[in-house]
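Here the structure comes first, spelled out in structure tokens, and everything after it is commentary.
The values are calculated or read from the model by the stated rules, or taken from the named source; none is laboratory data. For clarity, every value in this text was computed on a predicted model and none was experimentally measured. Glycine gets a Cβ as well: all are built from the backbone with ideal geometry, and neighbour counts include every protein chain shown.
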Amino acid sequence: MKLPHDIQKDFPSLHAMGMRAYLDSAASSLTPVSVLEAMNDYYQNFRSNVHRGMYKTAGEATERYEAVRGIVAKFLNASAPEEIVFTKGTTEALNLLATSLGRTFGPGDEVVLTEMEHHANLVPWQEAAKRHGFVLKYIPITKAYRLDMDAARALITPKTKAVSIAHASNALGTVNPAKELAALAHAIGALFILDAAQSVPHMKVDVRDLDCDFLAFSGHKTYGPTGVGVLYGKKALLEKMEPAQYGGDMIREVKYEASTWNDAPMKFEAGTPNIAGVIGLGAAISYLETIGMDAVEAHDRDLTAYALEKLPAVPGVKIIGPEAGERIGAISFEVAGAHPHDLATIFDREGVAVRGGHHCAMPLMGKLGVTGTCRASFGIYNGKEDVDALVEAIQAARATLKL
Ligand code: C6P
């Protein structure tokens, strides 16, 4: 499926940054001009705080901010705007869950994660487990870089209180069987949490179809601004959940002795939020919707298939991740005899931006027996010529390093 128009012209930074190929969208995607305009409009024309002022621009800021809850809810197919909590990003959303839900778990309870989690879906749970005495279990990965579902079935037991997994792995590109894992979790009454930081930018994610209880994603990986993200939660669960941060609009009534909380989602948004960021996120989602997530997904799949054909043809290159199919265009690889940091540095000289390192998945790197990988990741503005540029950069690196 073709993208509907010349996407590249919507992204001024693609040219301004002067690169030959930007292949690091899994770290942070670029931003279309419509997002910049929406944020600029806020700063120039209705720059006020939300939920507070009695004057016109404060009302407009509040209206525009709140409208984005509806945009996000529709994008994720949530039941209501109140199911959308604005956060700083995926990391803050997952910390909120681990802090708040963690308090309700204790000795004898288990939380099931996977071996391919980003630190953001691992360290907050480790800390909560230390504090409250529950235990973490990890679903192992197979040699094909996919979850071992037999092991998952054995690990998810009546002791499990929550199953929290990456929808798509930032380090491997694997897309995990979220619907199947949600069903396993719900069969024993556990909560199902999806870290969708890497899936939401690439595919249609429908929270009701997947039946996730909570889901997190980041604005800056979804063509929106930095410093903003989303926690989706089923309304009944958000209503029951305790806040993790205090102050500002999250209160209902404060007395010297004690305080009570606002309704969800406000109860989870302490302090002045990232108003411009939320407005920019709304513009980013509207932009993606004009392209259509089916086209976005098909483009990612085509480009990934092309890269998985071209990269292994270069001598010494090994892909660290699954074959084409249930995966996204975040392609980890190693080049025999070269350190990923050296590769990324040489690629940069060739005008190709990739990420080299552990990708905030250090336990996974240990399990794979590597210190890191090189990772090329795609956005909607990338084309086959960018993969060709990467192939040439790898050849240049092999020549420089005399491999
Ligand atoms: N991964 C990458 O280069 P934040 O930083 O809060 O927006 O997202 C954290 C996060 C959580 N889960 C997954 C699966 C992720 O990939 C990330 C961010 C970036 O892979 C930066 S380490």
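A few comments on the model shown:
- Qualifying residue in the range 233-245 (condition: within 16 Å of the ligand (Cβ to nearest atom), under 16 Å from the mean Cα position of the chain (by Cα) and in a loop (DSSP other than H, G, I, E, B)): no
- Residue match in the range 317-338 (condition: within 16 Å of the ligand (Cβ to nearest atom), more than 13 Å from L172 (Cβ to Cβ), buried (at least 18 other Cβ atoms within 10 Å of the Cβ) and in contact (Cβ under 8 Å) with a residue 12 or more places away in the chain): no
- Of the criteria (1) within 16 Å of the ligand (Cβ to nearest atom); (2) touching a residue at least 60 places away in the same chain (Cβ under 8 Å), which one Y306 fails: (1)
- The helices (runs of 4 or more DSSP H) found wholly in the range 267-360 and carrying at least 1 residues that are farther than 17 Å from I394 by Cβ occupy 275-291, 293-310.
- Top-ranked residue in the range 80-108 [being crowded, with 17+ Cβ neighbours inside 10 Å, of a type in the set (V, I, T) and not in a helix (DSSP H, G or I); ranked as nearest to the ligand (Cβ to nearest atom)]: T87
- Residue check for H220: within 23 Å of T304 (Cα to Cα) and free of Cβ contacts under 8 Å to residues at least 60 places away in the same chain: no
- Count - residues of the range 344-380 that are surrounded by fewer than 24 Cβ atoms within 10 Å (Cβ to Cβ) and away from the ligand (no atom under 14 Å from the Cβ): 12
- Only one entry of A393, A389, A330 meets the criterion of being under 30 Å from A120 (Cα atoms) and either among the acidic types (D, E) or in contact with a strand residue (DSSP E or B) (Cβ under 6 Å, 6 or more places away or on another chain) (or both), and that entry is A330.
- Subset of the range 32-54 [assigned to a helix (DSSP H, G or I) and touching a helix residue (DSSP H, G or I) at 6+ places or on another chain (Cβ under 7 Å)]: V33, S34, V35, A38, M39, Y42, Y43
- Residues that are modelled with pLDDT of 95 or more and within 13 Å of the ligand (Cβ to nearest atom) number at least 2 in the following strands (runs of 3 or more DSSP E) confined to the range 110-176: 110-114, 160-166.
- Flag if T226 is in contact (Cβ under 8 Å) with a residue 60 or more places away in the chain, of a type in the set (S, T, N, Q) and surrounded by fewer than 14 Cβ atoms within 10 Å (Cβ to Cβ): no
- The single condition among (1) within 17 Å of T62 (Cβ to Cβ); (2) away from the ligand (no atom under 15 Å from the Cβ); (3) hydrophobic (A, V, I, L, M, F, W, C) that L281 does not meet is (2).
- On the stretch given as the range 99-152, residues that are β-branched (V, I, T) and at positive phi total 0.
- Flag for D206 being more than 14 Å from the chain's Cα centre (by Cα), farther than 22 Å from F268 by Cα, away from the ligand (no atom under 16 Å from the Cβ) and in contact (Cβ under 8 Å) with a residue 60 or more places away in the chain: yes
- Applying the set (1) out of contact with any Gly (no Cβ under 9 Å at 6 or more places or on another chain); (2) hydrophobic (A, V, I, L, M, F, W, C); (3) buried (at least 19 other Cβ atoms within 10 Å of the Cβ); (4) in contact (Cβ under 8 Å) with a residue 60 or more places away in the chain to A27 leaves exactly one unmet item: (3).
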